Amino acid sequence: MLVTGQVRTESIPHEPGQTMSFRRLSWREWEQAADAARDRALAMCRDLTPEMLSLMRERSAQGEAPAEQFDAATVLHAGIAGWSYDAPVTPENIDALDAQTAEWALAQLLGARESDRKNSPASSTAP
């Protein structure tokens, strides 16, 4: 399915009267967000001791939460299509969101991805 132009608008629950619009991300945008998260993790690992790496492997074997699989900024920059704030949607303004709003927006985008994957007949092969 082509995801171009698919946008949905949600009310921001902790900001009465404010809304945010999200567009569906393509497979390539999700892949770029996963790559960015891996690159950041690898950069952090360069200075870790063997004990720390072992602990991280154990944690990874338990499974990562979806939010840890993707770079939040990459997902938010690609997925936020609009909002009711006076300021325009730009990467700089997305980066200026408060933590609560950014986390809520990321959860909206990740939730839509998981829903798409569960409802897709090819979910076992989707990136």
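Just so it is clear, none of the values below were taken in a lab; they were calculated from the coordinates. Keep in mind that what you see is a predicted model, and the values were worked out from it rather than measured. Cβ coordinates were reconstructed from backbone atoms using ideal geometry, including for glycine residues, and neighbour counts include every protein chain displayed.
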Listed highest first by mean packing, meaning other Cβ atoms within 10 Å per residue, what order do 3-12, 70-79, 98-107 come in? 70-79, 98-107, 3-12
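What's the local net charge at ALA43, with K and R +1, D and E -1, over the other residues with C-beta under 13 Å away?
Net local charge, ALA43 excluded: -1.
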For SER84, residues with placed amide H under 5 Å, excluding near neighbours: THR19
